[in-house]
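Encoded as structure tokens, the structure appears first; notes follow it.
What follows is calculated from the coordinates using simple rules that are stated; it is not laboratory data. Predicted model only: the values in this text are computed from it and were never measured. Note: ideal-geometry Cβ built from the backbone for every residue, glycine included; neighbour counts use all protein chains shown.
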Amino acid sequence: MLSLVIPVYRNEGSIPELLAALQGLRQSLAGALEVVFVVDGSPDRCHELLQAQLPATGLDATLVLLTRNFGAFAAVRMGLEHARGDFFAVMAADLQEPPELVLQMQAVLARGEADVVVAERALRHDPPWQRWQAQLFWALYRRYVVPEMPPGGVDIFACNRPFRDALLGLGESRSSLIAQIFWLGFRRASVPYVRQPRRHGTSAWTWRKKVAYLADSVFAFTDLPVRLLTRAGMLGMAVAVALALAVLAAKLLGRIGVPGYAMTLIAILFFGALNLLSLGIVGTYAWRAYENTKQRPQAVALRVQRFESR
């Protein structure tokens, strides 16, 4: 059986089409489908609509309502914890990823060719400015976090039970679920697809959230900030030595009668800023390590309901 996890946030308008698409998937899988909806503290009527309409769909479904908005990746992990199938897949509720993609990933897993299948965007039907932002984001991600990441990025995936168990075994907070998928290894395959335009509502994946996600990935999976800080410190030392030699030469040549306040001020500002940057980066790593020691759950479920297929 395939367990399909769907995080739901601000997707009120797409609920009817989503349920219709899932009924089609169930027929294609000969009924061997379980759907786990995780409503991630959505402020609209997503939970009420799903609660009212799921009994009439005939789907074998679980509806999880989180106590607040914990984020899409925390919602996916919560869904994987409640899933009971042999294979697992993740699908977005806005239908920008075609439902047939789930069948393609399931087929790869069923053949035993891979333990995890990632959906690779070959093309996206988004406005030009959104495509530019996405290209820049994933270029930075490939450059500094996960070099194996496809150029178009990854949002959804499918996996078997051993991979699911290994993924849930990574209990660190403030991390990246997608980066964890690549970090775990296993046998990995990819399926290309064309991302469809959004039909209902607006995306909650704002630029601010993208920057926060990139920061979480960088601090969780690479020592890049520390390496950059080390290089900045070496550069600062080189600049300081050069300035000191210039001042000494000018002093010996008699071109400086009074000690220059400008040079002193520049040096103080430069190294003061470098020191603050150093403290900020080191403090960020220390805070994230402290966060992981708390062992708090990444999401909290307020209500869990199960709907049996008929």
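Taking Cα pairs under 8 Å and at least six residues apart, what relative contact order does region 32-86 come out at, in percent?
Numbers: 63 pairs, mean separation 28.1, N = 55.
Relative contact order of region 32-86: 51 percent.
Amide H neighbours of Val5 under 5 Å, counting only residues 5+ apart in sequence or on other chains, H built in-plane at 1.01 Å?
Excluding prolines and chain starts, which carry no amide H, the hits are Val36, Ala89, Val90, Met91.
Along its three principal axes, how long is region 25-154 when you only count alpha carbons? Whole Å, largest extent first please.
Rounded to whole Å, the extents work out to 45, 40, 26 Å.
Sequence-distant or interchain residues sharing an amide H contact under 5 Å with Asp60, placed H: which?
Val35, Ser309
Ranked highest first by the average count of other Cβ atoms within 10 Å around their residues, in what order do 106-114, 72-80, 141-149, 56-64 fall?
On the way: 106-114: 14.9, 72-80: 23.0, 141-149: 16.4, 56-64: 19.6.
Order by mean packing, descending: 72-80, 56-64, 141-149, 106-114.
How much length, in nm to one decimal, is gained on full extension between Thr284 and Val239, taken as 0.36 nm per residue of separation minus their Cα-Cα distance? It would help to have the intermediate numbers written out before the result.
Details: separation 45, 0.36 × 45 = 16.20 nm, distance 2.67 nm.
Separation in residues times 0.36 nm, less the Cα-Cα distance, equals 13.5 nm.
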